[in-house]
Every structure is written in structure tokens, then in C-alpha cells.
Amino acid sequence: RERSEHVAEALRAARELEGEARFDECVERAAGATGEALEVLAETDDLRLLRALHLQLGFCLTLAERPADAEPHWLTALLVDESPPPRGLHRGDAEDAVLAVREQVLARSRGAVRIASEPDGAQLWIDGRRAKQATPTKVDGVRLGDHFVTLRRFRFEPYSARVVLQPSGALTVALEPASRATLRRQLAFPPAGLSDHERRLASARWSRADALLIVAGAGLGDGVRLE
């Protein structure tokens, strides 16, 4: 929540700077918050602030007479949400320019993309929308271009990044083991359906155990394994 508030404050400041015709400062303020907005996405799958920042960057860059720099930000914002930005908030020629970029986006091809993770079983979001199945999975209707991909799996760090997805293409992401801080959050709010085995592994890692010995059954040699 604190990160979201920081990003929202940066967006408000950028809009005020645009209103004061301080376009270069507007660009700097919005650009400085995009990394934090990506962290918000990794934790919450809320893409609205990140999209708004890229739209704002596009407007300020256009008003600063840097249209070539503005277009990639508009492409990013419109690929993740193809709805047109509201009218009447910015100068008319800048609003016309973003609508022209939207026409480019709508002309791009769609198709299925296969996404996998190492290890398997991660929950997947593309542009803030959750896929029906965990990885590996195939997602239909993805438009060619940059998208925000988020993966979350118990005992691993959440992953969120802007990547190029291509219809009929594939993406594989190697997930990093969770830090103790991440494990603490995951153990405090475990996902639904979490197995006892996964919980024990996470608890052992959080307590910095070198190995976890799980004994099942009454016999000494029955069901013993070292992890």
C-alpha cells in the first residue's frame, strides 16, 4: 500500500508539472516512479498506476517536442489496456497523437503464447489479468508487443517484468528462491490449497535449516526423505 501511495503521489506531481508547462520535469517525475510501480504490480497485479505513468510520460514527452520518445510509452500503455485514454485532460494535439498510436496497436496480430516457469506451478498474470491455469500454460489472444508478465509461486520471489510477447511464441522464466522476508509474508498469508509439504519446506527455509527431514509412517525406513 505504501508503494502504491508513493506512485500515486508521483503521478499527481507529474500532472501538476504538465499543467505548469514544466514538461522535462514532468518526464523526470513520472519516469522515476515506473520501477516502484512495477514492484506494485509484482505484489498486487494492479496495473492501473503503471499504465497511467506510461500515458503521462507520453503526453509530457510529446509536449516537450519529443514525439519519437513518447510513442514507446503510449504503445506500452495501450498494449496492456486497449481502451482509449479519456479526452479533455491534455492538449488536443497530444490527445490526437495517442489515438493514432492506438490505431497502430489495434492493427497488430493476436495469437497464442506459451509461458512456462522453472519450477512449474506458478500463477500467471498478463497485463494484470490472471490466466486460468498455472504454468506451463498457453494463453490465447495475446497481441504482438510489450506486455507485463507477473508470476507468483509459493517459496519463490514474485516476478514481474515488461517483455515482448509474440503470437505462436514462448517464454520461460526461472524463478528466484524466496528471501526470508518474502517467506514470512507468504507463510502469514498462504495461498488457498497449500499442501502441508510446501508449508514445511517454506518454514524450514525461513528458519534457515540446511535440510528438512520428513518422516511418514511408523517404520523407521518407511517414508523417510531428505530435502
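For the condition surrounded by fewer than 18 Cβ atoms within 10 Å (Cβ to Cβ) and among the aliphatic types (A, V, I, L, M), Ala94 does not qualify. Give Arg29, Arg12 a once-over and let me know the one that is surrounded by 14 or more Cβ atoms within 10 Å (Cβ to Cβ), at negative phi and without any contact (Cβ under 8 Å) to a residue 24 or more places away in the chain. Testing whether each residue is surrounded by 14 or more Cβ atoms within 10 Å (Cβ to Cβ), at negative phi and without any contact (Cβ under 8 Å) to a residue 24 or more places away in the chain leaves just Arg29.
Exactly one residue among Pro136, Pro167 is modelled with pLDDT under 95, surrounded by 12 or more Cβ atoms within 10 Å (Cβ to Cβ), touching a strand residue (DSSP E or B) at 6+ places or on another chain (Cβ under 6 Å) and over 25 Å from Leu49 (Cβ atoms), and that residue is Pro167. Summed over segment 106-129, the residues that are under 27 Å from Gly58 (Cβ atoms) and surrounded by fewer than 17 Cβ atoms within 10 Å (Cβ to Cβ) give a count of 7. Leu63 falls short on exactly one of the conditions (1) in contact (Cβ under 8 Å) with a residue 40 or more places away in the chain; (2) under 20 Å from the mean Cα position of the chain (by Cα), and that condition is (2). Quick one: is Glu157 open to solvent by 80 Å² or more (accessible area, probe 1.4 Å), within 30 Å of Ala204 (Cβ to Cβ), in contact with a strand residue (DSSP E or B) (Cβ under 9 Å, 6 or more places away or on another chain) and of a type in the set (Asp, Glu)? No.
From the list Glu43, Glu65, Glu5, Glu36, the lone residue that is over 27 Å from Arg130 (Cα atoms), open to solvent by 20 Å² or more (accessible area, probe 1.4 Å) and among the acidic types (Asp, Glu) is Glu65. Quick check on my filter: what residues within segment 76-91 are under 16 Å from Ala30 (Cβ atoms) and open to solvent by 10 Å² or more (accessible area, probe 1.4 Å)? Correct list: Pro85, Leu89, His90.
From the residues in segment 170-204 that are part of a helix (DSSP H, G or I) and charged (D, E, K, R), which one is surrounded by the fewest Cβ atoms within 10 Å (Cβ to Cβ)? Filtering first and then ranking leaves Asp196.
The values are calculated or read from the model by the stated rules, or taken from the named source; none is laboratory data. Since we're looking at a predicted model, the values are computed, not measured. Note that we place each Cβ from the backbone using ideal geometry, even for glycine, and neighbour counts take in every protein chain shown. With ligands, DNA and RNA removed, areas are computed over all heavy atoms of the protein, side chains included. Shrake-Rupley method; radii C 1.70, N 1.55, O 1.52, S 1.80 Å.
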